[in-house]
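The structure under discussion appears below in the form of structure tokens.
Nothing in this text is a laboratory measurement; each read-out follows from the coordinates by a stated rule. Predicted model only: the values in this text are computed from it and were never measured. Cβ sites come from the backbone with ideal geometry, for glycine too, and all protein chains shown count toward neighbours.
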Amino acid sequence: MKAISLQSPHNIQVIDIPEPPDPKSNEEQVKVLYVGVCGSDIKAYLGSSPNVKYPVILGHEMVGELSDGRIVVAYPYTNCIDRNAAVPCFSC
């Protein structure tokens with residue numbers, strides 16, 4: 001699968017990364033449809049973010065759909081997903 005990798009400030013490359021593993025029974029897999037560019041992505045690109053460790057894959061603000069096409073019970077009319085980038089998992 002393809003990803004946008006910021007190798008260093010002002011140095012973006014499209015790279016191949018491994019496909020994610022199949023989700024566990026308590027997980028969902030999301031097919032990413034669109035990815036936004038946010039302020040932290042721009043700061044990383046410009047080299048003005050002290051917290052960025054290069055290389056880094058950009059694009060943490062995304063919209064997608066459940067990859068198996070199921071409808072989410074909490075959202076009964078769609079399988080569209082919006083990832084909340086403000087709540088970190090602290091494990092990746």
| remark: Surrounding charge for Lys53, neighbours by C-beta under 15 angstrom, Lys/Arg +1, Asp/Glu -1, total 0
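For an R0 of 22 angstrom, estimate the FRET efficiency from the Cβ-Cβ distance between Cys38 and Met1 and round to the nearest 0.05. Working shown, then result.
Values: r = 21 Å, r/R0 = 0.97.
After rounding, the FRET efficiency stands at 0.55.
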| Between Ile17 and Glu65, what is the label-to-label distance in nm when each label sits 7 Å out along the Cα-to-Cβ direction? | 2.3 nm
| note | Partner lysines whose C-alpha sits under 25 Å from that of Lys43, ignoring same-chain residues fewer than 8 away, are Lys2, Lys53
